[in-house]
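Chemist: Could you have a look at this structure, given as structure tokens, before my questions?
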Amino acid sequence: MTGSVSNRMRVLRFLNGEMSQAELGQRIGVTRQTIAAIESGKYSPTLEAAFRIADVFGVPLPEVFTWDANSTGSQGA
Amino acid sequence: MAYREKTGWLSLIAMALTFGPYFAIVATHTIPASGLPNLRLLVVFAVAALCQALILIAGHLYLGLRSPGEARTPPDERDRAIMRRSISSAYYVLIAGMILVGGVMPFNSSGWSIVNAAILMIVIAEVVHYGVLVLCYRRHAS
């Protein structure tokens, strides 16, 4: 099965005053390493965490995460 | 390196430093098949288990002092996903090992051979558990 989740978290952090990964992690209740893994596409967050991230940036979920049906992702626990 | 990855490495090192020598002693010394209870081997096992516990306690204290914030933080969703994956991998190894030890070995072995084979399977399952855990954290490392 192909397809992967891509995200604009790096851009949104920049647009929100260069928010650090640690600060974003603290605000949604995960570690800095988890934010880094999500940002680099190595880990797909739960739906709840995805909504929380979108909420921190004050944007709807599709503006943070998008589904790319043609790419081959490398996600997993 | 994340705190939980460090604790995974600690568990692997503790396992290698204690049960490595234990199985080296078991492999190089002739054990009487019907010599139960074999108190000498029981003492070696007790020493290995005690040393492992001491290494883990000292290691966790050291890691906790070096990064107290991370040590106090409960596991997040990615930590839990990694834990689920590592435990389920180890579970299949343990089940296969126990079927081998409990279902096959009684036909051709006895006494401490079976006991040590069971301990070996538990150790292998633990190595798989912490090995998969460390591997998952390495793959996600930034």
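None of the figures in this text is laboratory data; all of them are computed from the coordinates on show. Note that this is a predicted model, so its numbers are computed, not measured. Cβ coordinates were reconstructed from backbone atoms using ideal geometry, including for glycine residues, and neighbour counts include every protein chain displayed.
Chemist: Which value in nm describes the separation of the simple spin-label points at A:Glu18 and A:Thr46, placed 7 Å from the Cα toward the beta carbon?
Modeler: If labels sit at A:Glu18 and A:Thr46, their model points lie 3.4 nm apart.
Chemist: Between B:Arg138 and B:Val47, how high is the FRET efficiency from 1/(1 + (r/R0)^6) when r is the Cβ-Cβ distance and R₀ = 35 Å? Nearest 0.05. Let's see the in-between values first.
Modeler: Working: r = 32 Å, r/R0 = 0.92.
For B:Arg138 and B:Val47, the calculated efficiency is 0.65.
Chemist: Report the Stokes-Einstein translational diffusion coefficient (µm² s⁻¹, integer) for segment A:1-72, Rh taken as the Kirkwood radius over Cα pairs, at 37 °C with viscosity 0.692 mPa s.
Modeler: Values: Rh = 12.2 Å.
My calculation gives 268 µm²/s for D.
Chemist: How far apart, in nm, are two points set 7 Å out from the Cα along the Cα-to-Cβ line at B:Ala118 and at B:Val104?
Modeler: 1.8 nm
Chemist: What does the net charge come to around B:Ala48 if you take all other residues with beta carbon closer than 14 Å to its beta carbon, with K and R at +1 and D and E at -1? Please list the in-between numbers first.
Modeler: Working: positive: B:Arg40; negative: B:Glu126.
Taking every Cβ under 14 Å from that of B:Ala48, the sum is 0.
Chemist: Work out the FRET efficiency for A:Arg8 and B:Ala96 from their Cβ-Cβ distance, taking R0 = 30 Å, and round it to the nearest 0.05.
Modeler: With a Förster radius of 30 Å, E is 0.10.
Chemist: If you don't mind, there's one more thing I want to ask. If you build the Cα gyration tensor of segment B:3-139 and take the root of 5 times each eigenvalue, what three semi-axes come out, in whole angstrom, biggest first? Display every interim value, and only then the final one.
Modeler: Working: eigenvalues 207, 73, 18 Å².
Rounded to whole Å, the semi-axes are 32, 19, 10.
Chemist: Explain nothing, just the number: relative contact order of segment A:4-66, from Cα pairs under 8 Å at least 6 residues apart, as a whole percent. Don't skip to the answer; put the middle values down first.
Modeler: Numbers: 57 pairs, mean separation 26.7, N = 63.
Averaging sequence separation for qualifying contacts and normalising by length gives 42 percent for segment A:4-66.
Chemist: Give me the Å³ per residue figure for the convex hull around the C-alpha atoms of the protein assembly as shown.
Modeler: Details: hull volume 30.8 nm³, N = 219.
In the protein assembly as shown, the Cα convex hull volume per residue is 141 Å³.
Chemist: Given the options B:Val132, B:Val26, B:Val115, state which has the largest fluctuation in a GNM of chain B using a 10 Å cut-off (strictly under) for Cα springs.
Modeler: Greatest mean-square fluctuation among the candidates belongs to B:Val115.
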